[in-house]
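Once you've had a glance at the structure underneath, I'll fire off some questions.
The values are calculated or read from the model by the stated rules, or taken from the named source; none is laboratory data. Just so it is clear, the structure is predicted and the values come from calculations on it, not from any experiment. Every residue, glycine among them, receives a Cβ derived from its backbone with ideal geometry; neighbour counts consider all protein chains shown.
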Amino acid sequence: MLDDAGGLPDARLLAMLDDDRQGWVLARSVREDGRIVDFELMYINDAGCRFVGRPREELVGGRYRQLWPETVHDGTLSLYVAVAETGQPLSRTVYYDLPTLRGHFELRISPFGDGFGVRFVDLRQVTVAPQSGGGTRLYDALDAAFDGFTLLRAVTDDTGAIVDFVCDYVNQLGAQLAGRAAEAVIGRKLSDISPGSWDSGLFDRYRSVAETGGTIREQRAFPRAGQVWEIKIARAGAGTPAVAVSFREVTDQVEQERHLAAVAEKAEEAAARATEAAARATALQTATTALVAASTTAEVYAAIGAVLRPSAGGQGLALLLLHEHRLYLRYHDGYEPDVVERLRELPLDHPYPATAVARTGHPLYLTSLAQFRAAQPDPATAVPAGERQAWAFLPLTVAGEVLGSLVVGYRNPREFDYDEQATLMALAGLGAQALQRALLFEARTSLASALQRALLPATLPQVPGLRHAARYLPWTHGADVGGDWYDIIDLGDGVVGVVIGDVAGHNATAAATMGQVRNALRAYATERHNPASVVHHVNQLLLDMHPDTIATCCYLQLHPAEGTMTAVTAGHPPPMLRTADGAGPLRLRTGPPLGVTPDAVYLDTTLLIPPAATLLLYTDGLVEDRRHPIDRGLRELVEALSAAPTRDPGGTLEHVLGSDVGPRPRSDDVALLCLTSDTPPAGEPVARRRFRGEAISASAARRFAADMLTAWGQRQVVDDALLLLDEVITNAIQHTVGDVTVELRLGELLRVTVHDASTRPPQPRDPDADTDNGRGLFIIERLAAAWGSEPVPTGGKLVWFDLPLA
């Protein structure tokens, strides 16, 4: 498709690139002595110009090193060179926060002539789009919701007054109720979608809620359609005023209530039956109260047994639900064992009258034993009558859907007059509505639980030298989803990342944000950013995507073979470490929570992992709430961890959860991750870290070296070691492309080794009298016991120096 002759593609393909919503760049190689040293920009589309914030005329014809000098040494330029030289396409995810470029992009690079073509996707625009796995699950959950739902963002005039709303989101049911596709509603103004909202007063209610933050819940009748709707309006968000609107049709419920009222009124008008009517009205009220309060099917069955059967006046009751053309007994009270056994499962073609009621949705009333036997002429298949001689078979119907049958049995023959039939149907209708609500509640609870499980790792990788176990204790109820998470990431080369975190909130938004933060952290960790840089990038991404969301996390990079780890916290409680000497919190450099400020500074800390140590990470719900101070909870956790009778991670977690740790009862979700080191004690102390080829890596390397030398008890060489390391690693970052590895080895001398990708050895040069340039090797020669440089067979070179320990 691309012109391999070195020119631009044909006009049709350029038109396609111009229309793409994501950025496109075409560039050709600039060579010196046959070697690619730079690229010249030949083409960039409008989306690309918008992403980089510069006009096309400033970019086309320019050289890459001149246009984006800050990115020359971060590995991107070498990636373009590799594609141009090998002809093999590559992809990479990058995050830039630079004066000339800002954003989170996915680069998809393909060969183009003697150069490359790259499509860069702005991940901030697609992170929660339905194309992503997490987005699909979230939108599916909203589309499966019982209510219609829409999110309206306020539109204000020059004075700040709200004059209209824009639809930011509508689920599928909401779009269907509006008579349109969701794509035709989202992004449009309310005045275009529903101009009648002004005449109906809905606009005034939306505006009132957006301005005051109150909540409105009301029923609205639409006589032309013969429908009644329940509408709930609540304010959403704290920035630009917006309202969340949920709506559901309650026509059947209102009609049922009207019918019940009519029955009660007619009973009151019949003076001869005034006492009986009053008793029935009381029974209906009692049943309504009991059934409305029921949330689960078990609670509905209990209410039916305790209230509905006495209200109906019967001496036996059975509830059968319809499933795949069969009736199944779900609840019974007052029936004999032989009757119950025959009722457990009935095909719909069985002659028992409850099956006909389930098929037709119409009630049947049998006033005598003779009628009951006539309905089931074959004694071999008939359900026994037991001690009953009259029956009311009532459909459990909601919105035209038959859920099953309700059977009320009476010990004596009786006639069912109109009022009694109406009362029985009303009671059955109340039971059916309560049962449907309970079934929907349990289905949505199951959906929320499935979503929570999907957002947490199904399995954790096995790591040589480490055993681990995790627990998640949800506190939320119903369709709420928590924001706690944990993860273990295999980073290769025997290195493993461990993270635990907590997104504020208990809703679908918090869960979706948790999934995005977890995936972003995993991506940055996999790219082998140092821990402080990982958390920095996640903080910037969270501020870009969800500026009103706050999260905490603790990320550790473990090196079991070395017996070392590097950790960083962002407003999260410190991990606990148990060794042979006791237990206590790790002393780490702390940073603010994620999402608080773009200027947040995160500094990691490198520590030793003693042999046979146990590491415990947890979320704050374990140790604190408004009633329980965190200092008290941490003391309780230290005591419980110290007293754990086992080194098994699972057993340790069970002991902690079974101890008196933190608030009881709990008021927040709790996530725990326990790791136990089985790595034998190392021989000669050694610690190795890989750093990105970025300027910030120099300070991270110095911090790593200072922490390790302090942990090894070698404070006397810290100053000299950091001075020499700074000279070597700064030279490596400035003059090479790619990652840099720093190794500290403690023997009779301290040896510090820096490995970079360049094969060019350091060259002494005359010092500049006016600056510090050229003094590095002279300082090394003066302070080091020995130093040297040597090539590495696999590529690059090593620069090392030795320092005496005494």
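Evaluate the stretch 555-566: report whether one residue or more is buried (at least 22 other Cβ atoms within 10 Å of the Cβ), at pLDDT 95 or above and touching an Asp or Glu at 6+ places or on another chain (Cβ under 6 Å).
Yes, some residue in the stretch 555-566 is buried (at least 22 other Cβ atoms within 10 Å of the Cβ), at pLDDT 95 or above and touching an Asp or Glu at 6+ places or on another chain (Cβ under 6 Å).
May I pose another question? If you check ALA551 against the conditions, is it closer than 25 Å to TYR169 by Cβ and among the aliphatic types (A, V, I, L, M)?
Yes.
Another one. Strands (runs of 3 or more DSSP E) wholly in the stretch 563-644 with at least 1 residues that are in the same structural domain as ALA671 (by TED's automatic domain parsing) and of a type in the set (Gly, Ala, Ser) - which ones? Break it down into steps so the answer makes sense when it comes.
On the way: elements: 564-570, 576-579, 582-585, 605-608, 614-618.
Where strands (runs of 3 or more DSSP E) fall fully within the stretch 563-644 and carry at least 1 residues being in the same structural domain as ALA671 (by TED's automatic domain parsing) and of a type in the set (Gly, Ala, Ser), they are 564-570, 582-585.
Can you go through ALA469, ALA428 and tell me which one is part of a helix (DSSP H, G or I), in contact with a Pro (Cβ under 9 Å, 6 or more places away or on another chain) and at pLDDT 80 or above?
Going through ALA469, ALA428 in turn, the sole match is ALA428.
Restricting to the stretch 169-212, and then to whatever is of a type in the set (D, E, K, R) and at pLDDT below 75, can you tell me which residue is farthest from TRP229 (Cα to Cα)?
GLU183
Would you mention how many residues in the stretch 404-420 are touching a strand residue (DSSP E or B) at 6+ places or on another chain (Cβ under 7 Å), over 7 Å from ALA390 (Cα atoms) and in a loop (DSSP other than H, G, I, E, B)?
Of the residues in that region, 1 qualify.
OK, next. Regarding THR289, is this residue surrounded by fewer than 14 Cβ atoms within 10 Å (Cβ to Cβ), in the same structural domain as LEU406 (by TED's automatic domain parsing) and at pLDDT below 75?
Considered against the rule, which asks whether it is surrounded by fewer than 14 Cβ atoms within 10 Å (Cβ to Cβ), in the same structural domain as LEU406 (by TED's automatic domain parsing) and at pLDDT below 75, THR289 comes out as yes.
A follow-up question, please. So, of the residues in the stretch 1-37 that are in contact with an Asp or Glu (Cβ under 9 Å, 6 or more places away or on another chain), modelled with pLDDT of 80 or more and surrounded by 17 or more Cβ atoms within 10 Å (Cβ to Cβ), which turns out to be farthest from LEU79 (Cα to Cα)?
Out of the qualifying residues, it is GLN22.
So, in the stretch 238-271, how many residues would count as being surrounded by 14 or more Cβ atoms within 10 Å (Cβ to Cβ) and either at pLDDT 75 or above or under 17 Å from VAL170 (Cα atoms) (or both)? Don't jump to the end; show me each part of the working.
Restricting attention to the stretch 238-271, the residues satisfying the condition of being surrounded by 14 or more Cβ atoms within 10 Å (Cβ to Cβ) are 241-254, 256-257, 259-260, 263-264, 266-267.
Cutting the leftovers down to either at pLDDT 75 or above or under 17 Å from VAL170 (Cα atoms) (or both) gives us 241-254, 256-257, 259-260, 263, 266.
Adding up the residues that qualify gives 20.
Here's another thing I want to ask about it. From the list ALA701, ALA695, pick out the single residue that is crowded, with 19+ Cβ neighbours inside 10 Å, within 26 Å of TYR602 (Cβ to Cβ) and outside the structural domain of MET565 (by TED's automatic domain parsing).
Only one candidate qualifies: ALA701.
Oh, and also: Considering every residue within the stretch 499-513, establish whether at least one is closer than 28 Å to THR741 by Cβ and crowded, with 24+ Cβ neighbours inside 10 Å.
Taking every residue of the stretch 499-513 in turn, at least one turns out to be closer than 28 Å to THR741 by Cβ and crowded, with 24+ Cβ neighbours inside 10 Å.
Also: Within the stretch 321-332, is there a residue that is more than 25 Å from ALA426 (Cα to Cα), part of a loop (DSSP other than H, G, I, E, B), acidic (Asp, Glu) and modelled with pLDDT of 90 or more?
Looking for residues that are more than 25 Å from ALA426 (Cα to Cα), part of a loop (DSSP other than H, G, I, E, B), acidic (Asp, Glu) and modelled with pLDDT of 90 or more, one finds none in the stretch 321-332, hence no.
Would you mention how many residues in the stretch 645-667 are of a type in the set (A, V, I, L, M) and assigned to a loop (DSSP other than H, G, I, E, B)?
Number of matching residues: 1.
Just the residues that are in contact with a Gly (Cβ under 6 Å, 6 or more places away or on another chain) and among the aliphatic types (A, V, I, L, M), please, taken from the stretch 159-218.
Result: LEU173, LEU177.
Could we say that THR606 is without any contact (Cβ under 8 Å) to a residue 60 or more places away in the chain and farther than 19 Å from TRP485 by Cβ here?
Against the criterion (without any contact (Cβ under 8 Å) to a residue 60 or more places away in the chain and farther than 19 Å from TRP485 by Cβ), THR606 does not qualify.
Give me the residue from the stretch 344-379 that is assigned to a loop (DSSP other than H, G, I, E, B) and small (Gly, Ala, Ser) and, out of that set, surrounded by the fewest Cβ atoms within 10 Å (Cβ to Cβ).
Filtering first and then ranking leaves GLY361.
Within the stretch 567-584, track down each residue that is surrounded by fewer than 20 Cβ atoms within 10 Å (Cβ to Cβ) and over 13 Å from LEU607 (Cβ atoms).
Hits for the stretch 567-584 are ALA580, ASP581, GLY582, ALA583.
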